[in-house]
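What follows is a single structure, written as structure tokens, with notes after it.
The values are calculated or read from the model by the stated rules, or taken from the named source; none is laboratory data. Bear in mind the structure is a predicted one, so any value in this text is a computation, not a measurement. Note that we place each Cβ from the backbone using ideal geometry, even for glycine, and neighbour counts take in every protein chain shown.
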Amino acid sequence: MAGESVTLTLDAVHSLSVEVLTVNGMASDHAHAIAKVITAGQRDECDSHGLYRLIVCVRTLREGKVVPDAQPVIEDISAAATRVDAKFGYSQLAFEMGKVSLCEKARQLGVSVLAINNCFHFSALWPEVEAIAEEGLVGLALTPSHSWVAPAGGTRPVFGTNPIAFAWPRSGSHPFVFDFATSAIARGDIELHRRSGAKIPLGWALDGDGNPTEDAEKAINGTMLTFGGHKGSALSAMIELLGGALIGDMLSMESQRFDGGVGATPCHGELILAFDPKMLGGGNAELGQQRAEEMFGAITGQGARLPSQRRFDARERSIRNGVVVPVPLYQDVLKLLER
Ligand code: NDP
Ligand code: PYC
């Protein structure tokens, strides 16, 4: 342990995550699936969705909210659509099960949709769209959360932090991936500011009286804002509709009520789409790839960076050197081993 941080190997992050979850009652298959995305988050230096998430997962377990050994049930809705009922377990196993059918159907039909219902969802979406891109398919994923975010022009929460993620496969390099909350920032990031006592930038949130705030504690107890004003607000509403109303699942406001003030992981649905460039490319998918590469080159050629490049660089570093975890967070995670 050096100074304010501790360095852990990726194997150590994974084993610690599995141990924390199983000691707190999570079934082994779920614990391993969750540990995999937590390790990936920590590895890619996505601090708001790495080891920190164990704290909320354990609260969700201890409060008896999540079904720790839920067995997802897969349903073939139509030629193009698959549903997985997560049965009020965490989302990761449901995604792993549904992905197989999602990808098979996209290859048969050009496009396919996966609806996951009744899942507790805490993770970043890029692991899912990257997994679809690894299959040579284009991926799009979105999900509601808890209603923490005001619509543009309002001051009361309606929307979740509602992330949307996209991946485009590229030969010989990482896929093109973006993944962002439609709030100005993920709530997890504000929680990390609160933990460290750091100020937040204006534009992220309002305090309880509806005034702009730089205080993370006031932001947590107030209202978050969308990114890009009315544009983020409309996208966020779309995510409520596609990831909730369309697929027969709860909106963020309902997820919040379902939580009953416990502060558990949000519980709702998720919508994931896959597109097959070979099927949709008009007989010349290669040309589509060349066009995409020309655009990526025009972006990076002027010194701008592609989304996810920071993450991919962090991934290489972490695989080589392990991950650096602040001591207070490491200690809080170790405390979760005590029942
Ligand atoms: P950020 O604002 O940190 O990043 C959003 C995206 O923009 C990333 O793909 C990032 O790539 C990219 N990006 C950032 N800066 C630049 C730049 N200068 N040029 C080009 N691209 C850039 O993310 P958010 O705070 O909005 O979200 C963080 C995570 O939280 C997401 O993974 C999201 O899925 C997750 N989340 C999950 C929720 C859930 O309910 N499950 C709810 C809300 C958020 P890079 O990573 O390389 O910087
Ligand atoms: O960081 O906004 C967030 C978040 C919500 C659910 C999981 N992460």
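Sort out which residues of the stretch 128-146 are closer than 30 Å to residue 260 by Cα and not acidic (Asp, Glu), and write them in order of number.
141, 142, 143, 144, 145, 146
Summed over the stretch 22-40, residues that are in contact with a Lys or Arg (Cβ under 7 Å, 6 or more places away or on another chain) and either without any contact (Cβ under 8 Å) to a residue 40 or more places away in the chain or in a helix (DSSP H, G or I) (or both) total 2.
Residues in the stretch 149-169 that are over 30 Å from residue 276 (Cα atoms) and surrounded by fewer than 24 Cβ atoms within 10 Å (Cβ to Cβ): 150, 151, 152, 153, 154, 155, 156, 157, 158.
Of all residues in the stretch 197-251, those satisfying the criterion of being surrounded by 13 or more Cβ atoms within 10 Å (Cβ to Cβ), under 25 Å from residue 117 (Cβ atoms), out of contact with any Pro (no Cβ under 6 Å at 6 or more places or on another chain) and among the small types (Gly, Ala, Ser) are 234, 236, 237, 245.
Considering each residue of the stretch 43-59, count those that are within 13 Å of ligand 1 (Cβ to nearest atom) and outside any loop (DSSP other than H, G, I, E, B), and give that number. Total satisfying the criteria: 7. Taken together, the criteria place residue 266 among residues that are within 16 Å of ligand 2 (Cβ to nearest atom) and either under 30 Å from residue 122 (Cα atoms) or at pLDDT 95 or above (or both). Within the stretch 260-274, being surrounded by 18 or more Cβ atoms within 10 Å (Cβ to Cβ) and out of contact with any Ser or Thr (no Cβ under 6 Å at 6 or more places or on another chain) holds for 269, 271, 272, 273.
Residues of the stretch 68-86 that are outside any loop (DSSP other than H, G, I, E, B), over 20 Å from residue 244 (Cβ atoms) and not β-branched (Val, Ile, Thr): 76 alone. Among the residues of the stretch 60-101, the ones that are buried (at least 17 other Cβ atoms within 10 Å of the Cβ), basic (Lys, Arg) and either within 30 Å of residue 190 (Cβ to Cβ) or under 17 Å from the mean Cα position of the chain (by Cα) (or both) come to 2 in all.
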